[in-house]
Structure formats: structure tokens, C-alpha cells
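K.L.:
Okay, here's the structure, questions in a sec.
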Amino acid sequence: MRSRTRKSGALLALALTALAIPAAAIPAAAQIVPPSKNDGQTSYYAYNQNLSISDAMNAFNGGDMRAAFNDFSQLAANGDAKAQFYLAYMLDHGLYGAPNIYAAYSWYQKSAEQDYLPAMTYMGYLNSVGHGTPRDEKTAAQWYTKAAQMGSADAQEALGTMLRDGVGYAQNYELATQWFQQAAMQDNARAQADLAQMYLAGHGVQKNTAAALYWYKYAARQNDVYALTALGYMYANGIGVQKDLARALSYYHAAAERGHIPAELKLAHMYARGEGDPAKNAADAALWYFKAARQGSAEARVRLASYYEHGYGLPQDASAAIKWYQKAMDENHYMPALMALARIYLQGKIVPQNLQESVRLYTACAAAGMPECQFQLGFFYKNGQGVNKDLVQAYMWLDLAAQGLPDGKQKSAAVVARIETANAMSQSQLDQARQDASSWQASGPNAINW
């Protein structure tokens, strides 16, 4: 349901909330690196024997990055775990000079090895994504486990995710649920949403939609976008609750306002169908498709392109349609976008017909195993449209399409066209075409060179 990338990013965001980042201007400075045990160097400035961690934190929270960096450097070199963590954080995020993620990692590790809980949790994150160190899921799991056992809710949630997804450890729904439960009881919103998902799916616990609803609502009170979106889905479909489209819309809208792409898409879909709010229409749907498209959603880009293509909710605009289809194809490698462009260049309705470009695109998606494209490509070769007429190629693609298409008009058309093509071929041509089709099936689809 949710990707590991999202989980890693969410964990980092959660960890950052524990740090007060001043908005003061930050001067440039040379970076400090972890001191060698042999060089006797502890800092690059005068030693202050009376310095305390409170002094360093006051400078940091007051926006004096130069003083904070110097203070944390001295305290870190003298073994203060909290100072080591904050020094690592400043190095990591370039709060005094250019970022140095490798030096930061070393200081995070020094702090974590003294059982400083935020640093231990960070070590799990850094190893899980390969930040300042090679990616190492097993090491990440070890740090998360240690921090979770010491009570870190963020680490408990992250560890539950790894166990749920079988990353770093063997997949274990029951143990994952236990860690989600512990973090949820500490009011960790993401863990509450994760626990709700486990109840909804019946993973690690007996399926219980009432319990799922309970935990989703707890997470939603903290504006967790995944919980808000899940509640929208439950109310939209009457899962564990009475179906209520207006309420579903309100949950989707709350998550969409926070930039959550799945909620933006759900909201747009409802507006497009005229559900939940009679005052909303296709123009409102287009707005949310645009917001999701701008964030990189392939589906939203294709939907938005379709709206421009057909003038639905937006003025018809061929160049905008092509632009968004092209983005979804080039940046997202999204097959529906490739197929839409192939169709547009074939039809020649909103742009001049370009059979050569249409053939190129249909060839790419046909070779990738799309039976709809194989069907059209077969007709190109059968009729010599955009390519030289080639009955062997025509039969091969029509045969593959006839085998791959679901029952319906298009499959029937492919079968009829295959028969017509076979009747126009010699036996040797037919044998060659059938051999080519068998060879293609044996080798499997080709990757598209986007």
C-alpha cells in the first residue's frame, strides 16, 4: 500500500520535528571533521572549560550558528553525545558552511554508540537510505531495533515497517503489528495509520474494520495524510461505516490540501464524477489533476492531458495536451501516455497526422507486450500504413494481439484480421510468421528505450 521510499522520507520528517531550526542567516565556515585519536585536536578555536550543552543549545535555538557550531564542536570532541548529535545535524544540513554528510554520519555514529536515542534512530534512517554511508538494510534494522527497544516511537514505527515489508528482517506481520501498537500508544500518527492498515487488511491481527477506523481517526487528528486519505476511501465505499460521499470528500480534501498526491487524485476523480459536492465540476477536477501533475504524478499528467485534448473542464489546447502526455512518457515512463500519443498522431485530430511517429510509438509499446499496440501495429503492416507492407510482420503482431487481448470486439477484430492476412500469404510466409510469434513469446517483451 505504501512504498519504502515514502516511509524513509516520513521518518526523516518526523525526526526533524524534534529540532528547532532557527530562521537566522547562516554564515559560511570551514567544516569540522571527527578528530583523530592521534592528533590531539579537539576544536579550531579557544577551549572554553566552563562550556555546557545548555550554552550550545541556547546559541542554536537563538540562531547564532557560528557560536552553536563552535560550542557543539568542543563538547562533541569531549564526548558529549547530545552535542555530537547536533554537530552531526549541522554538518548534515549545512547549517554552518557547506553540508558534509560523511563527517555528519561519523558524528551521528559516535552519538548513537553512547545510546543517545535520537542519534540511534537517525542511524537507522541513514543506513536505510544510504545517506553518508552505503545503504545497508540489515544495519538499519539493528539500529532501529535497539532504538525501538529503548522506547523511540519513530524507531518502533520504522522497525514495524521493515518487518511488515520483509526488509532487513524476514517478513513478520505479527511482530510488525506489535511495534506499530507500541508506537501508536505513544501517539505516533504514522504508526497509528500503519496499525489501522494492519487491522483493515487482517495482517498480524484479526481483521477488524472498527479497530481500523478507530486508529485512522486518531492519526487523522494529527493530520496524517495517509490516515485522512484512508478515511476518505472508507467513507466513499462504505467500509466499516455508512457510505457518505460528502464526508469522504472532506477527508480527501484535508489530505489534498497538504499536498498528498493520492488524495489529490481521489478528490479530482470525485469532482469529475460530480460526487459529494454538486457545486464542483470538471474544472475543479482539472485543478487538482494539475496540482498532482505538477508534483510528478503520471496518472494526473495523463488525466490533465486528456482534459486539454478533449476540452473537458479546460479550454481545448493541443500543445498542452501533448506537453503533459510527453512528460508522463519521458519522465514517468508511463505506458498509457505513450499509447495516447501514438493514438493522437494516428488520428490527426488535434495535431497533423504523423504516421511515422505513430508507428514508432506503437512499435515501442507492442514490443513491450501491450496487445492493444500489437493489434494496431499488425494493421499498419497489413495495410502498408506508415510502413512498407509486410504480411509476415502483420500476421505475427495480429497473432500476438489475438492471444493477449481480452474477449471483446477488439479481440474478434484481431482474429478476423489474422485470418485475412493468412489467406493472403504463402505457406512459407505463414510458417515464418508463426515461428516469429513463438520466438517473441519465448523471449518475452522488450524493455522500452524511453
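K.L.:
Quick one: how many residues across region 139-171 are in contact (Cβ under 8 Å) with a residue 12 or more places away in the chain and not in a helix (DSSP H, G or I)?
P.N.:
Number satisfying all stated conditions: 6.
K.L.:
Output the residue which, of all residues in region 327-348 that are in contact with a Leu (Cβ under 9 Å, 6 or more places away or on another chain) and closer than 12 Å to residue 298 by Cβ, is surrounded by the fewest Cβ atoms within 10 Å (Cβ to Cβ).
P.N.:
338
K.L.:
Based on what the data block shows, is residue 226 touching a Lys or Arg at 6+ places or on another chain (Cβ under 6 Å) and surrounded by 24 or more Cβ atoms within 10 Å (Cβ to Cβ)? If you could, list the steps in order and put the result at the bottom.
P.N.:
Working: touching a Lys or Arg at 6+ places or on another chain (Cβ under 6 Å): no; surrounded by 24 or more Cβ atoms within 10 Å (Cβ to Cβ): yes.
Considered against the rule, which asks whether it is touching a Lys or Arg at 6+ places or on another chain (Cβ under 6 Å) and surrounded by 24 or more Cβ atoms within 10 Å (Cβ to Cβ), residue 226 comes out as no.
K.L.:
I'd like to verify a number: residues in region 260-276 that are part of a loop (DSSP other than H, G, I, E, B) and under 19 Å from residue 314 (Cβ atoms), how many? Give the steps one after another, and end with the answer.
P.N.:
At the first step, the residues of region 260-276 found to be part of a loop (DSSP other than H, G, I, E, B) are 260, 274-276.
With under 19 Å from residue 314 (Cβ atoms) added as a condition, the list becomes 274.
Final tally of qualifying residues: 1.
K.L.:
Tell me which residues, restricted to region 375-433, are at positive phi and aromatic (Phe, Trp, Tyr). Working first, answer last.
P.N.:
Applying the first criterion (at positive phi) to region 375-433 yields 384, 386, 408.
Selection gives nothing.
K.L.:
Would you tally the residues in region 288-324 being in a helix (DSSP H, G or I) and free of Cβ contacts under 8 Å to residues at least 12 places away in the same chain?
P.N.:
Filtering region 288-324 for residues in a helix (DSSP H, G or I) gives 288-294, 298-310, 318-324.
Those left that are additionally free of Cβ contacts under 8 Å to residues at least 12 places away in the same chain: 294, 310, 319.
Selection size over region 288-324: 3.
K.L.:
Just give me the residues in region 119-138 being outside any loop (DSSP other than H, G, I, E, B) and touching a helix residue (DSSP H, G or I) at 6+ places or on another chain (Cβ under 7 Å), in sequence order.
P.N.:
If the condition is that a residue be outside any loop (DSSP other than H, G, I, E, B) and touching a helix residue (DSSP H, G or I) at 6+ places or on another chain (Cβ under 7 Å), then 119, 120, 121, 122, 123, 124, 125, 126, 127, 128, 129, 137 are the ones that fit.
K.L.:
On the basis of being crowded, with 20+ Cβ neighbours inside 10 Å and either charged (D, E, K, R) or at pLDDT below 95 (or both), does residue 303 make the cut? Before you say what the answer is, go through the steps one by one.
P.N.:
On the way: crowded, with 20+ Cβ neighbours inside 10 Å: yes; either charged (D, E, K, R) or at pLDDT below 95 (or both): yes.
So residue 303 fits the description; yes.
The values are calculated or read from the model by the stated rules, or taken from the named source; none is laboratory data. Keep in mind the model is a prediction, meaning the values are calculated, not measured. Glycine gets a Cβ as well: all are built from the backbone with ideal geometry, and neighbour counts include every protein chain shown.
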